[in-house]
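Trainee: Structure in structure tokens, see below.
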Amino acid sequence: MSVARAILAAAGLLCWALGATARGQETLDEIEARLPASPPGPSEQRPRERAATVEATAEVNGYLADRVGYGWVSPAGPISTQDMPSLSEMAEANIQLRVDLGDKTRFVYADLSLVYQGGWLFYVDDKAGGRQAIADHDIPSLHPFVAPSELYLSISPRPSLNVLVGKKRITWGSGFAFNPTDVINPPKDPTDPNFQRAGNWVARVEAPFEKFTVTGLIAPQALYTQSGIPYAFLRYPDHPPAQGADTRDGASHYLLAARLYMLLFDADVNLVYYFSNHYQGGFENKSRIGLSFSRYFFTDHELHAEALLSRGSERSFPDHACATGASLCDATTAFAPTKLGARGFYPRVVVGSRRQFPDDSLLSLEYYYQGDGYSDREFADALALLAEAKAAGGSGSSGQEPSGSALPQRFAFAPLRRHYLIASYSKPRIRDDWTVGAVLVAGLRDLSGLLSPSVAWSARQWLTLSVYGYLPIRGLGVGEARVGDRNWSEYSVWPFDYRVLFEARAFY
């Protein structure tokens, strides 16, 4: 705990030092809303006036947060729980800085977090259907790290041209809780879609016009990072990493994207073409198409659809012979991306609607179809292999690893099957300073799911206190897999019977 207090104290001193330019609780969007829509033209500036705008100005805000969680670990399932702490803490010191470089057409933006994590109270299966405590131990995924969620330079030499270089979250899809067309960024948490701000390293050129926008983008993959800071892009260096498995290859790891946005009959339409080579997956020289649509009807009813179309799949699938014991396998062959070169299409589609009510409450319903989701047999094979790995002493996963130096998610949505429903409701401004909400992630094949209620209290203008709950729903007995002497649904294998998080966030 002393490390967390030291981090927060250091961030507090930094906030005080920069406080003269700070504007409390403002986001980048709010800052940009105050800027002129386009820079003044040459005829609107005299040389002497231009010289007066050279001085850089800064906008600073951010927050200090501490999140403590407790979950009742359920080690009887097929997933190992030896590295999953019952009690966890995450302390974060965040700074969001925008520096205008002489005028409003050039600026640098940074969203940086220093994160401390800790975990205690570990339990494993005692082989008799109960829990056995084991000693607290070091978990690499819970080490302190730096999370540069965004860090980029933006230049707009004219109103119809913008050039951006750095790390930024760029999402072109219309989905609310999940974006299948987003193949660049760390994924959203559907129980809190706005929490994940982290992007990836890109170079983007964009030409916006009144009714359409054309965008070109290249994203080199960050191959090695140290404490959240990347130090190798595109191609692996000749020397192996200081620690961890040697995954070097001779390929270039990158993604190219071209997007056309159109405003057609009051509808937002995106058409995206992706070309990737070993970018965050096994696809080699692969083309994919993304489509999205969003439009409001009857003033406050929004309808949207989003789809990613590709041949083949980057997912790893279980080997049936390994799962049934027909052949001997190791960890590298039990799961493999066996459909990389498949000729069939495996679409990922979201269709949904949102309704904004007069009291500002929001209801969202989305159906998600994952074409490369596991079949019933593949799901059963996957659980059987996980159970074998657990019996052999595998550590499993804590589900808290930062993805691409992203902030650890409260809930990591990693769908295994094909059909899902994501429903969310929020009601703000209860007695002015309370907000309540609930999110349901339901697997429609086995009718299991996860329910996440939440309550937030704005105790002060600068302080928010929040409580989040995570309650697995075991399902109704359909579409389950038999492993050992029990049937398992997708969310019954979740390694917690329940989980509760308390978060205090102070803005500056």
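Trainee: Going by the conditions given, is G62 on the phi > 0 side of the Ramachandran plot, of a type in the set (G, A, S) and at pLDDT 95 or above?
Mentor: For G62, the condition - on the phi > 0 side of the Ramachandran plot, of a type in the set (G, A, S) and at pLDDT 95 or above - is met.
Trainee: Looking at (1) touching a helix residue (DSSP H, G or I) at 6+ places or on another chain (Cβ under 9 Å); (2) under 26 Å from D381 (Cα atoms), can you tell me which one P472 breaks?
Mentor: (1)
Trainee: Output the residues belonging to region 446-465 that are in contact (Cβ under 8 Å) with a residue 24 or more places away in the chain and surrounded by fewer than 18 Cβ atoms within 10 Å (Cβ to Cβ).
Mentor: The answer is W457, S458, A459, Q461, W462, L463, L465.
Trainee: Read through the list (1) surrounded by 18 or more Cβ atoms within 10 Å (Cβ to Cβ); (2) free of Cβ contacts under 8 Å to residues at least 24 places away in the same chain; (3) assigned to a loop (DSSP other than H, G, I, E, B); (4) not aromatic (F, W, Y), then give the number of the only condition that R410 fails.
Mentor: (2)
Trainee: Of everything in region 121-152, what is charged (D, E, K, R) and open to solvent by less than 40 Å² (accessible area, probe 1.4 Å)? Give them in sequence order.
Mentor: D125, E150
Trainee: I'd like to verify a number: residues in region 283-315 that are more than 19 Å from F178 (Cβ to Cβ), open to solvent by less than 50 Å² (accessible area, probe 1.4 Å) and in contact with a Gly (Cβ under 9 Å, 6 or more places away or on another chain), how many?
Mentor: 3
Trainee: Can you work out which of the residues in region 153-173 that are outside any strand (DSSP E or B) and under 18 Å from V108 (Cβ atoms) is most open to solvent (accessible area, probe 1.4 Å)?
Mentor: That would be R169.
Trainee: Another question about this same structure. Would you pick out the residues in region 137-152 that are of a type in the set (S, T, N, Q) and assigned to a strand (DSSP E or B)? Working first, answer last.
Mentor: Taking region 137-152 and keeping what is of a type in the set (S, T, N, Q), we get 141, 149.
Selection gives S149 alone.
Trainee: I need the full set of residues from region 209-234 which are assigned to a loop (DSSP other than H, G, I, E, B) and open to solvent by 30 Å² or more (accessible area, probe 1.4 Å), in order please.
Mentor: Taking region 209-234 and keeping what is assigned to a loop (DSSP other than H, G, I, E, B), we get 209-211, 221, 227-228, 234.
Hits for region 209-234 are F209, E210, K211, Q221, S227, L234.
Trainee: Let me ask you something else. Output the residue which, of all residues in region 323-375 that are in a loop (DSSP other than H, G, I, E, B) and at pLDDT below 90, is most open to solvent (accessible area, probe 1.4 Å). Even if it seems obvious, please write down each step before you answer.
Mentor: Step one: list which residues in region 323-375 are in a loop (DSSP other than H, G, I, E, B), which gives 325-330, 337-344, 346-347, 357-361, 371-375.
With at pLDDT below 90 added as a condition, the list becomes 325-330.
On the way: G325: 58, A326: 83, S327: 48, L328: 177, C329: 58, D330: 87 Å².
Going through the qualifying residues, I end up with L328.
Trainee: For region 235-256, name all the residues that are at pLDDT 85 or above and surrounded by 16 or more Cβ atoms within 10 Å (Cβ to Cβ).
Mentor: Result: R235, Y236, H253, Y254, L255.
Trainee: Residue pairs, Cβ under 9 Å, 6 or more apart or interchain, first in region 466-489 and touching a residue at least 40 places away in the same chain (Cβ under 8 Å), second in a loop (DSSP other than H, G, I, E, B) and among the aromatic types (F, W, Y). List them.
Mentor: Listed pairs, sorted by first residue: Y468/F411; Y470/F411; Y470/W494.
Trainee: Please find, within region 470-496, the residue that is nearest to M90 (Cα to Cα) out of those that are in a strand (DSSP E or B) and open to solvent by 60 Å² or more (accessible area, probe 1.4 Å).
Mentor: So, considering only residues that are in a strand (DSSP E or B) and open to solvent by 60 Å² or more (accessible area, probe 1.4 Å), the one nearest to M90 (Cα to Cα) is L471.
The values are calculated or read from the model by the stated rules, or taken from the named source; none is laboratory data. In this text, all values refer to a predicted model and were calculated from it rather than measured experimentally. Note that we place each Cβ from the backbone using ideal geometry, even for glycine, and neighbour counts take in every protein chain shown. Please note that ligands, DNA and RNA were not included when accessible areas were found on the heavy atoms of the full protein model with its side chains. Shrake-Rupley method; radii C 1.70, N 1.55, O 1.52, S 1.80 Å.
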